[in-house]
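Enquirer: The structure follows.
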Amino acid sequence: MAIISLSFPETMVREMDEIQESLGYTGRSELVRAGVRLLIQDTKEKQGMSGDLSAVIVCTHTEENEEKVTKIKHRFDNIVRTHIHNKIGKKNCVELFLVEGEASTVTKMVEEFKKEDAIRSAKLVMI
């Protein structure tokens with residue numbers, strides 16, 4: 001098995017340790033391998049999509065990062081049919097996008113959200 005050195009911010013390490021303990025992984029390496037397996041599976045699944053599709057994209061972020069979400073949304077206005085913004089608690093936000101269009105464009109929008117560090121999570125749910 002190859003050995004790869006990785007660096008993580010302390011907050012992420014603490015979260016990883018909590019997940020490791022709660023889900024019973026024997027170590028951080030096992031947890032990281034499980035996460036990478038999920039990413040590979042998800043990527044293969046989404047790369048296999050083609051043609052037109054309808055989907056929901058769910059993004060979470062803090063209030064101060066709303067502008068970054070809006071910038072990405074505007075780049076994909078041609079596929080966004082509905083956008084709902086909801087504030088959860090004092091500082092957290094959830095964005096729901098109902099999108100419709102070419103699978104590659106929908107996938108690209110999700111990837112743009114995932115690449116943005118200010119966005120906590122971005123999930124694609126196909127309808």
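Here, each number is a calculation from the coordinates, and none is a lab measurement. Remember, it's a predicted structure, so these values are computed and weren't measured experimentally. Please note: Cβ atoms are built from the backbone with ideal geometry, for glycine as well, and neighbour counts cover all protein chains shown.
Enquirer: So if we plug the beta-carbon distance of Arg75 and Arg28 into 1/(1 + (r/R0)^6) with R0 = 22 Å, what FRET efficiency do we get, rounded to 0.05?
Expert: Details: r = 36 Å, r/R0 = 1.63.
The calculated FRET efficiency here is 0.05.
Enquirer: Please work out whether the chain counts as rounded, prolate or oblate from its C-alpha gyration tensor, where a ≥ b ≥ c are the square roots of the eigenvalues and a/c under 1.5 means rounded, while otherwise a/b larger than b/c means prolate and anything else oblate?
Expert: It comes out oblate by the Cα gyration axes.
Enquirer: List the aspartates and glutamates whose Cα sits under 16 Å from the Cα of Lys68, skipping any in the same chain fewer than 8 residues away.
Expert: Counting by Cα, and skipping residues close in sequence, Lys68 has these aspartates and glutamates nearby: Asp77, Glu95, Glu111, Glu112, Glu116, Asp117.
Enquirer: So how do Val32, Val13, Val69 line up by other beta-carbon neighbours within 10 Å, fewest first?
Expert: On the way: Val32 16, Val13 12, Val69 23.
By the 10 Å Cβ count, ascending, the order reads Val13, Val32, Val69.
Enquirer: Gain in length, Arg120 to Leu38, computed as 0.36 nm per residue apart minus the alpha-carbon separation, to one decimal in nm?
Expert: 27.8 nm
Enquirer: Find the relative contact order for the chain and round it to a whole percent, using C-alpha pairs within less than 8 Å whose residues are 6+ positions apart. Before the final figure, lay out each step's value.
Expert: Details: 158 pairs, mean separation 37.5, N = 127.
The value is 29 percent.
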